[in-house]
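Down below is the structure, laid out as structure tokens.
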Amino acid sequence: MRDLFRRYLDSRIDVYRKVPDMEAVKSEQARSAKLQSEIWALAVSSTGEAGTAQAPMLLLPALNAMFDITTTRTEAARVHPPLITFAMLGALTLACSLFAGYDMAIRRRLNVLHSIAFAVVLSVTAYVIIDLEYPRLGFIQISESDQVLVDLRKSMN
């Protein structure tokens with residue numbers, strides 16, 4: 001069972017390392033699911049042979065929680081706001097640009113610093129919002145959260 005856990009953890013780490021190659025991610029997720037089934041089957045058979053009621057009561061809920069958290073994490077990565085949210089972000093950007101441009105047009109002298117600052121702030125804000133929605137693909141990365149899995153795997157040797 002220890003070997004299965006090591007292979008399962010290696011597989012989960014590989015799932016996150018293979019992003020953005022979604023075909024490789026799906027393949028690795030299938031491998032993880034197969035290992036989950038093997039771990040579950042071995043745990044059920046082993047606890048049935050233990051002869052006590054405590055073994056299944058302790059091991060099986062813990063395994064179930066472990067498998068549930070991986071499913072929750074996978075689903076959280078798949079779920080994104082509806083497309084209308086991004087369309088509204090684009091519309092808001094255009095509306096703000098229109099109002100700022102209109103205000104700048106009626107002034108006698110254009111303040112270049114304000115124009116550049118407005119464009120930069122608006123662009124960076126839109127980029128950060130979209131980048132946070134896809135944290136494994138853009139400039140902002142959450143790969144440090146995977147370090148917990150890597151550290152756990154090192155401790156299993």
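The values are calculated or read from the model by the stated rules, or taken from the named source; none is laboratory data. Model, not experiment: these values are computed from the prediction. Glycine gets a Cβ as well: all are built from the backbone with ideal geometry, and neighbour counts include every protein chain shown. Keep in mind that these areas ignore ligands, DNA and RNA; they rest on the heavy atoms of the full protein, side chains included. Shrake-Rupley method; radii C 1.70, N 1.55, O 1.52, S 1.80 Å.
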Once R0 is set to 25 Å, what does the formula 1/(1 + (r/R0)^6) return for the Cβ-Cβ distance between Ala65 and Arg153, expressed as a FRET efficiency to the nearest 0.05?
0.85
HN-Hα couplings for segment 22-38 via Karplus (6.51, -1.76, 1.60; θ = phi - 60°), in whole Hz with x for Gly/Pro, come out as 5, 5, 5, 4, 4, 5, 5, 5, 5, 5, 5, 5, 5, 5, 4, 4, 5
Largest-first ellipsoid semi-axes for segment 82-129, taking √(5λ) over the Cα gyration tensor eigenvalues, angstrom
25, 13, 4
Local electrostatic count, Met156, Cβ distance below 13 Å [Lys/Arg +1, Asp/Glu -1]:
+3
The chain - mean residue ellipticity at 222 nm from DSSP helices (-39,500 (n - 2.57) per run, n ≥ 4, rounded to 500):
-27000 deg cm²/dmol
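Report the FRET efficiency, 1/(1 + (r/R0)^6), for Arg17 and Arg108, where r is their Cβ-Cβ distance and R0 is 41 Å, rounded to 0.05.
Efficiency computed from Cβ-Cβ geometry: 0.10.
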Once the Cα gyration tensor of the chain is found, what semi-axes does its equivalent ellipsoid get, as square roots of 5 times the eigenvalues, in whole Å, sorted largest first?
51, 15, 13
If I model a spin label as a point 7 Å beyond the Cα along the Cα-Cβ vector, how far apart are those points for Leu94 and Lys34 in nm?
4.9 nm
For an R0 of 41 angstrom, estimate the FRET efficiency from the Cβ-Cβ distance between Asp131 and Leu42 and round to the nearest 0.05.
0.50
Between segment 39-83 and segment 143-157, how far is it from one alpha carbon centroid to the other, in angstrom?
19 Å
Pull out a ≥ b ≥ c, the square roots of the eigenvalues of the alpha-carbon gyration tensor of segment 37-103, then state rounded if a/c is under 1.5, prolate if not and a/b is larger than b/c, and oblate in the remaining case.
prolate
With labels modelled as points extended 7 Å from the Cα through the Cβ direction, what inter-label distance (nm, one decimal) is found for Ala24 paired with Ile84?
3.8 nm
Of the accessible area of the chain, with the probe set at 1.4 angstrom, what percent is carbon plus sulfur?
67 percent
